[in-house]
1. What are the extents of the Cα atoms of segment 4-56 along their three principal axes, in Å, largest first?
2. Of the listed peptides 40-48, 54-62, what is their order by residue-averaged count of other C-beta atoms within 10 Å, with the highest listed first?
3. Which ³J(HN,Hα) values, rounded to whole Hz and listed in residue order, are derived for segment 29-46 from phi using the Karplus coefficients 6.51, -1.76 and 1.60 in 6.51 cos²θ - 1.76 cosθ + 1.60 with θ = phi - 60°, glycine and proline given as x?
4. Figure the gain on full extension for Ala35 and Leu54 (residue separation times 0.36 nm, minus the Cα-Cα span) and round it to one decimal in nm.
5. Using 0.36 nm times the number of residues separating Asp25 and Arg13, minus their current alpha carbon distance, what extension gain do you get?
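Each reported figure results from applying straightforward, stated rules to the coordinates on display, with no laboratory input. Model, not experiment: these values are computed from the prediction. Backbone-built Cβ (ideal geometry, glycine too); neighbour counts: all protein chains shown.
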Amino acid sequence: MTKSRGILTPRFRWSEQADQLLRRDYADRPAQEIADTLGVKLHVVYKRAEKLGLKKSTDFLAGPHLRKARTFIKPGKRTSFRNVL
């Protein structure tokens, strides 16, 4: 296997302070805000939260910002496959 030659970004090392911030804020803050605060990509926050067993709160999941995102695509004829023949 070859080295990345500087192509890949350096791996983020989770400190105790970063873990505390994630445990404190993950349930009630958008993950993108936490990622921006820590200076990491969004998937890094999701993977660490999964490893620590963290979940979003029910109040957060019922919030208006998620309701808007969930209703963006409505299932039905617009999203189903069409017969092109």
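1. So the three principal-axis extents are 38, 19, 17 Å.
2. Values: 40-48: 15.6, 54-62: 12.0.
So the peptides 40-48, 54-62, ranked by packing, come out 40-48, 54-62.
3. So the J values, rounded to whole Hz, are 10, x, 4, 5, 5, 5, 4, 5, 5, 7, x, 10, 7, 4, 5, 5, 5, 4.
4. Taking 0.36 nm per residue and subtracting the Cα distance, the gain is 5.3 nm.
5. 2.5 nm
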